[in-house]
Amino acid sequence: MGTVISTDTVEVYQSQVKGSPSAAVIVCPDVWGWNGGRTRAIADALSDAGYVVVVPKLLTPAKDGGTDGDALAPTAQFDMEWVKQFPWEVQKPKLAAIVEYLKQQGITKAAMLGFCYGGHPSMWASAEWPDFVTCGIVCHPSMQLEQFAFGGDFLGLVKSVKAPFLIAPAGGDLPMYATDSDFATALAASAKGGDCLIKPYPDMTHGWVPRGDLENEAVARDVELVMEDIFSFLAKHL
């Protein structure tokens, strides 16, 4: 129900704005991009709750046409060599342009919502703009890309976040995201570690939030549950 808007640096999908909100949600998609699965429908639902919501087109150049000119095609498989093109140094100017765009609309604070790959720029944005990014949420996280794709310090990135984060791993996600992992310890050591939360969804597989089959009863149940968790976390910290 939104529109596509171009800044000088990046295109964004912006959900229809109701009223004059002062808070925004920046949705960083998974590797199937800004129009993959239910990504834009989720953005619209967040907008209905009273936030300005934008979904940036982050993963360009797309691979083999991608999805709506971004990221991977719907039937494509994950490609680590292609992902290596998108470290934080590449994404920072795009997110900086979005932050400035939102500020021009009167937005004073924002949350980051990342799916899979999108958790990586979401955590970086928290570390980069602590006065603007007040919280973050990552579903089926892939922040380990900081180490395995970009050669950086994964746990160092986690410790560097300066806002509360809600992490919602699927049962099939890497063991490194367990509640008793080194990741959990690093998250607790971050600036707002006491407000961070890891809530696993053990019956789910990676990608279920924007792309799981809602005809499956368990998926429909947990999509509803995680959306409730997201709205609650935003209400508390945004």
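Values for this structure:
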item: Bins of 5 Å, starting at 0 and running to the largest distance - Cα pair percent for the chain; result: 1, 7, 15, 21, 22, 18, 11, 4, 0
item: Size-normalised alpha-carbon gyration radius of region 1-50, reference 2.2 N^0.38 Å; result: 1.13
item: Lys pairs under 13 Å by Cα in region 3-237, provided they are eight or more residues apart or on distinct chains; result: 5
item: Computed log₁₀ I(q)/I(0) - Debye formula, equal Cα scatterers, no solvent, region 80-164, q 0.24 Å⁻¹; result: -1.22
item: Dipole moment magnitude, nearest 20 debye, the chain about Cα centre, only Lys, Arg, Asp, Glu C-beta charged; result: 660 debye
item: Residue among Gly66, Gly119, Gly194 with the largest mean-square fluctuation in a Gaussian network model of the chain, springs linking Cα atoms under 10 Å; result: Gly194
item: Most fluctuating residue given options Met204, Met176, Met123, as computed from a GNM of the chain linking Cα atoms under 10 Å; result: Met176
item: Span from the region 95-159 Cα centroid across to the region 7-63 one, whole angstrom; result: 14 Å
item: Share, in percent, of DSSP beta bridges within the chain that are antiparallel, nearest 5; result: 25 percent
item: Label-zone membership for region 149-164, site Glu81, 7 angstrom Cα→C-beta point, backbone N under 19 Å; result: 149-151
item: Total formal charge among the other residues, if their Cβ is under 10 angstrom from that of Asp79, Lys/Arg +1 and Asp/Glu -1; result: 0
item: Extension gain from Ala49 to Gln147, taking 0.36 nm per residue of separation minus the Cα-Cα distance; result: 31.7 nm
item: Exposure proxy ranking, count of Cβ atoms within 10 Å, fewest first, for Cys196, Cys135; result: Cys196, Cys135
item: Added length on full extension, which subtracts the Cα-Cα distance from 0.36 nm per residue, Ala73 to Thr7; result: 21.3 nm
item: Most mobile of Val53, Val226, Val138 in a GNM of the chain (Cα contacts under 10 Å); result: Val226
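Each reported figure results from applying straightforward, stated rules to the coordinates on display, with no laboratory input. Keep in mind it's a predicted model, so treat the numbers as computed, not measured. Every residue, glycine among them, receives a Cβ derived from its backbone with ideal geometry; neighbour counts consider all protein chains shown.
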